[in-house]
Amino acid sequence: MRLLGLDLATTTGAAVLDGERYLWAREFRFEDKTSGQVFRNLRESLCRILEQDDVAHVAVEQPLRTDVEVRSGQVDPDTGLPIMTRPAMKTFMRMYGLCAVAEEVCAARGVPFTYVNQMTWRKAFTGNARATKDQALAQARLIDKSIISVDAAEALGVCWWLRGHVDPRFAFRRGGCANRIRHRLLAHGKASAQRFDFTRS
């Protein structure tokens, strides 16, 4: 059963697993000026992936909450603490739009669609719920050393979690379940990770 993991953003990561087999992990970016164009290209790209890879289930990292606060990169001179801010509304509109398109495409084709919290998939993939992007990339490179994209790596992490979610044999266990079965992916996998622009395929 082929599973697709997605890390949706302007630069989107995608990865496919088929049971014990790792098939591919890629990133693609839509060079469009408007959200409408981005959504349309995502729809066309996702349709091709679902058809070409015969995907049976899709998982997507949950988008940011609208009440989230992130570091602004500045420090309060009085307290020495990071100054927090909230992302621009256009960021939320783009993110929720991408998720809506992906969910609608899957619904139209009868493909199950699941959201997963980033801490949940990071725990399953790296063993650390608070793993950084660089740590997720390092983990992905143990499976396919050609992966250089953080977006592709995080999509692989989402897909890794999905596999354990739908098949108990691959569910995360304390003690490093991911590490115990990684050698199988390395033995059976297909190293095909690369930067890939679906809008030009």
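FYI, it's all coordinate maths here, none of it is from the lab. Everything quoted here is computed from the prediction, not taken from an experiment. In this analysis, Cβ positions are derived from the backbone assuming ideal geometry, glycine residues included, and neighbour counts consider all displayed protein chains.
For region 1-47, the Kirkwood hydrodynamic radius comes to 11.6 Å, computed from all pairs of different C-alpha atoms.
When only Cα pairs under 8 Å and 6 or more residues apart are kept, what is the percent relative contact order across region 55-157?
Working: 110 pairs, mean separation 24.5, N = 103.
Across region 55-157, relative contact order equals 24 percent.
What Kirkwood radius, in Å to one decimal, follows from the Cα pairs of region 50-100?
Roughly 13.9 Å, rounded to one decimal.
Sequence-ordered 3J(HN,Hα) estimates for region 11-22 from the Karplus curve with 6.51, -1.76 and 1.60 and θ = phi - 60° stand at 9, 9, x, 9, 8, 10, 10, 10, x, 7, 8, 8 Hz, glycine and proline given as x. Reducing region 1-60 and region 70-134 to their Cα centroids gives an inter-centroid distance of 17 Å.
With neighbours defined as other Cβ atoms within 10 Å of a residue's Cβ, the residues CYS99, CYS159 order from fewest to most as CYS99, CYS159. Karplus-derived 3J(HN,Hα) values for region 73-78, using 6.51 cos²θ - 1.76 cosθ + 1.60 with θ = phi - 60°, are x, 10, 10, 5, x, 7 Hz; glycine and proline are entered as x. The Rg/Rh ratio of region 69-137, with Rg taken over Cα atoms and Rh as the Kirkwood radius over Cα pairs, comes to 1.12. Translational diffusion coefficient, Stokes-Einstein: compute it for region 15-96 using the Kirkwood radius over C-alpha pairs as Rh, at 10 °C and 1.306 mPa s, and state it as an integer in µm² s⁻¹. Result for D is 98 µm²/s. Normalised by the number of residues in region 109-173, the average gap of Cα pairs under 8 Å and 6 or more apart makes the relative contact order 28 percent. Shown here is the pair-distance distribution of region 110-171: with all Cα-Cα distances grouped in 10 Å bins from zero up to the longest one, the shares run 24, 53, 22, 1 percent.
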